[in-house]
Amino acid sequence: MRILSYSFETALEMSEPVREHDFLLRCQPASTAGQTVLSAQTVVTPDTELTAQVDGFGNTVLAGRVAAAHRAFSFLSAGRVLVDRAQTVRAPAHPIYRRPSALAAGDDAIAAFARDASGAGAPAAAEDPWGTARRLSGALHGAMAYEPGSTATTTCAADAFAQRRGVCQDYAHILIAALRSLGVAARYVNGLVVGDGATHAWVEVHDGNGWRGIDPTNDREVDDAYIELARGRDFSDCPIEAGVFRGGADQRQSLHISVRDQSMRA
């Protein structure tokens, strides 16, 4: 069990003014079986009203609009979360998490990898989904090279696996596609990890009773050092930020994320 404090700041600079900027933010964690939000606040610049919603996957979504012309947009999200992954809730897996999705659809190569790495086919995987996930994570970790800039947010699992390079989003998509090819329910998670840097992505696997997290980029089980921000079938269901505006500006993004363990201070 840990109490984690987080600070998440993202800034967008536009090459020319834009207006009528509508946006959705999934930068604020929700209380779930493994984490309880103790405090959370999000501030947007230019200042505008935020409306809190919950999407179809249970994620907290902040919706807003900046109508006036602006060349910069930023948001700061900060708070504290009690994380206890030992707390689990028995829950069924929705069938959508066993089906291919836009960015986590497998191909013959991923299906063959899943069969070889698991050492068994779909019937055996259904008997031991968590063990299957651990074996696939280890095999994927060994087969892939972590290479920032080698893929984009729109890169699908098949393309990333074909080049054997990618970032955490790609590792997650490939593992999800491999698990689904064996009939195992799996979903994508966006979140934060203790330390400084960027957002992270991992996978939740339904073990027959409930959801358990695994981080294929680092080949480790998700523990109390992780804060979940949003989840879905793949990245396209739960981007941290999404929006549209009127104007033809190029964008440059910067971000800073810090997550600290506050348990000893509680």
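The values are calculated or read from the model by the stated rules, or taken from the named source; none is laboratory data. These figures come from a predicted structure and were not determined experimentally. Neighbour counts are summed over all protein chains in view; Cβ atoms, including those assigned to glycine, are modelled from backbone coordinates with ideal geometry. SASA here: full protein model, heavy atoms, side chains in, ligands and nucleic acids out. Shrake-Rupley method; radii C 1.70, N 1.55, O 1.52, S 1.80 Å.
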### Query
To the nearest 10 degrees, how steeply does helix 168-181 sit against the main Cα axis of the chain, on a 0 to 90 scale?
40
## Note on the structure
Cβ-Cβ cut-off under 15 Å around ALA109, Lys and Arg +1, Asp and Glu -1: the net charge is -1
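Please list CYS238, CYS156 from largest to smallest accessible area, probe radius 1.4 Å, with all protein chains kept in place.
Largest accessible area first, the list is CYS156, CYS238.
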### Summary
What helix-only [θ] at 222 nm does the chain give? Using -39500 (n - 2.57) per DSSP H run of at least 4, over all residues, to the nearest 500, the answer is -6000 deg cm²/dmol
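With r defined as the distance between the Cβ atoms of ARG98 and ALA249 and R0 fixed at 45 Å, what FRET efficiency is calculated, to the nearest 0.05? Each step should come with its number before you reach the end.
Details: r = 41 Å, r/R0 = 0.91.
According to the calculation, E is roughly 0.65.
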### Query
Using the heavy atoms of the protein chains alone and a 1.4 angstrom probe, what is the accessible area of segment 171-244 per residue in square angstrom?
26
### Task
Report the full-extension gain for the segment GLN163 to ASP55: residue separation times 0.36 nm, less the Cα-Cα distance, to one decimal in nm.
35.5 nm
### Message
Keeping every protein chain present and rolling a 1.4 Å probe, give me the accessible area per residue for segment 43-160 in Å².
### Response
53
### Query
With the dipole of segment 1-98 worked out from charges on the C-beta (+1 for Lys and Arg, -1 for Asp and Glu) around the Cα centre, which of VAL66, SER5, GLN35 lies farthest toward the positive end?
GLN35
### Task
Have a look at ILE214, ALA120, ALA86 and report the one farthest towards the positive end of the charge dipole of the chain, computed about the Cα centre with Cβ charges (Lys/Arg +1, Asp/Glu -1).
ALA86
### Query
Probe 1.4 Å, all protein chains in place: accessible area of GLU13 in Å², nearest 10?
100
### Query
Of THR48, THR36, THR88, which has the most accessible area with a 1.4 Å probe, and how do the rest follow in descending order?
THR88, THR36, THR48
### Query
So what's the angle, to the nearest 10 degrees on a 0 to 90 scale, between helix 129-143 and the longest Cα principal axis of the chain?
70
### Message
With unit charges on the beta carbons (Lys and Arg positive, Asp and Glu negative) and the dipole taken about the Cα centre of the chain, which residue among ALA105, SER15, PRO95 sits farthest to the positive side?
### Response
PRO95
### Alpha-carbon centroid distance for the pair segment 178-243 / segment 98-152, whole angstrom
14
### Query
Considering only protein heavy atoms and a 1.4 Å probe, what is the carbon-and-sulfur percentage of the accessible area of the chain?
49
